[in-house]
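The values are calculated or read from the model by the stated rules, or taken from the named source; none is laboratory data. Keep in mind the model is a prediction, meaning the values are calculated, not measured. Here Cβ is always computed from backbone atoms with ideal geometry, including for glycine, and neighbour counts include all displayed protein chains.
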Amino acid sequence: MDSRNYAGCVDDHKAWLAGVFDRAAPTYDRIGDSYHTHFAERLIDLAAVDGDASLLDVACGRGAVMLAASVRGIGRVTGIDVSPTMIELATADLRAAGVADVDLRVMDAENLEFPDASFDALTAAFALFFLPDPARAAAEFQRVLRPRSILAVSTWGREDERWRFEDDLLTSAGSPRFRALQRPFDRAEDVAELLHAAGFSDLQLHQEGTEIHFASKQQWWDWHWSFSVRGLLEQLEPEAVVAYRDACFGKMDALKTDSGYPLELTALIVTGRSRQR
């Protein structure tokens with residue numbers, strides 16, 4: 001593919017993804033049990049960032065990592081996200097939580113608009129798999145960190161096998177032009193390989209899990225419109241969306257428990273240090 005055409009495709013993908021998260025932002029992590037808070041707290045704890053450190057949170061969403069950092073006494077926090085609406089709502093959420101000293105900006109993770117060696121720590125929660133060029137992003141992470149600074153990233157690990165039918169049914173529903181997931185990074189070794197190639201060392205691999213419950217089938221369906229899967233559903237014909245929903249509802253009957261419909265979530269967290277310059 002011509003380099004100009006490739007660049008245009010990448011730009012189209014990023015614009016599409018920003019739009020998906022703009023539309024998802026009002027209900028992002030607000031339907032059913034919250035889990036971003038849990039994983040954000042574990043990310044910050046495993047990073048062991050000093051209280052006086054300057055932290056950059058990449059793909060900050062509505063601010064779960066920044067809030068966890070603030071609660072733990074990390075006072076200088078900057079957050080970026082490709083979605084303007086996420087930044088707008090994160091600003092309001094953090095202000096409502098009493099976090100005033102935070103710098104929030106709309107920015108591309110692969111093109112960080114900061115000088116070299118600007119931060120003492122960098123976090124990126126559930127972001128790598130969305131990036132068209134994760135190696136470029138990792139190089140940018142390295143560039144903006146000071147020597148021997150901490151990096152902590154998270155991705156999704158193994159899926160809950162009880163819900164495997166979702167992917168099968170969604171695949172049969174249609175072939176969207178755009179897909180949010182670029183590369184799964186669902187093995188910690190793949191994340192470590194990416195970061196090692198960018199010059200990070202002292203890499204430590206961790207696995208974290210939690211279980212959430214949906215009170216009803218409708219709550220589960222509403223949740224699907226609150227994150228990246230929304231982007232796939234929006235590209236399907238209306239009839240295909242209804243057929244997919246109804247087919248999933250039928251499969252969910254076997255999952256019902258007294259506490260609702262359980263979903264086990266597994267996150268992989270990798271921490272490391274930037275190179276000594």
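Residue-wise test of (1) over 30 Å from Pro147 (Cα atoms); (2) in contact (Cβ under 8 Å) with a residue 40 or more places away in the chain.
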position	(1), (2)
Asp11	yes, no
Leu17	yes, yes
Ala25	yes, yes
Phe39	no, yes
Ile44	no, yes
Ser54	no, yes
Determine whether Pro84 is surrounded by fewer than 19 Cβ atoms within 10 Å (Cβ to Cβ) and either among the polar types (S, T, N, Q) or in contact (Cβ under 8 Å) with a residue 60 or more places away in the chain (or both).
yes
Those residues of the stretch 19-51 that are part of a helix (DSSP H, G or I) and closer than 28 Å to Val71 by Cα come to a total of 18
Any residue at all in the stretch 204-212 that's in a helix (DSSP H, G or I), under 23 Å from Gly61 (Cβ atoms) and not β-branched (Val, Ile, Thr)?
no
Per the filter on the stretch 101-131, residues touching a residue at least 60 places away in the same chain (Cβ under 8 Å), over 10 Å from Ala59 (Cβ atoms) and part of a strand (DSSP E or B) are Phe119, Asp120, Ala121, Leu122
Those residues of the stretch 159-177 which are part of a loop (DSSP other than H, G, I, E, B), charged (D, E, K, R) and modelled with pLDDT under 95 amount to Arg177
Arg146 vs (1) free of Cβ contacts under 8 Å to residues at least 40 places away in the same chain; (2) surrounded by 14 or more Cβ atoms within 10 Å (Cβ to Cβ); (3) charged (D, E, K, R): all pass except (1)
Single residue of the stretch 149-169 satisfying the filter (more than 29 Å from Ile44 (Cα to Cα) and over 21 Å from the mean Cα position of the chain (by Cα)) that is surrounded by the fewest Cβ atoms within 10 Å (Cβ to Cβ):
Asp168
Got a sec? Which of Arg105, Arg76, Arg23, Arg95 is closer than 24 Å to Arg179 by Cβ, more than 14 Å from the chain's Cα centre (by Cα) and of a type in the set (Lys, Arg)?
Arg23
Filter result for Arg245 (touching a His at 6+ places or on another chain (Cβ under 8 Å) and part of a helix (DSSP H, G or I))
no
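Can you tell me which residue is surrounded by the fewest Cβ atoms within 10 Å (Cβ to Cβ) among those in the stretch 178-198 that are outside any loop (DSSP other than H, G, I, E, B) and of a type in the set (A, V, I, L, M, F, W, C)?
Ala197
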Just to be sure, is Gln207 polar (S, T, N, Q) and surrounded by 15 or more Cβ atoms within 10 Å (Cβ to Cβ)?
no
When the residues of the stretch 53-81 are narrowed to those that are assigned to a helix (DSSP H, G or I) and of a type outside the set (Ser, Thr, Tyr), which ends up surrounded by the fewest Cβ atoms within 10 Å (Cβ to Cβ)?
Val71
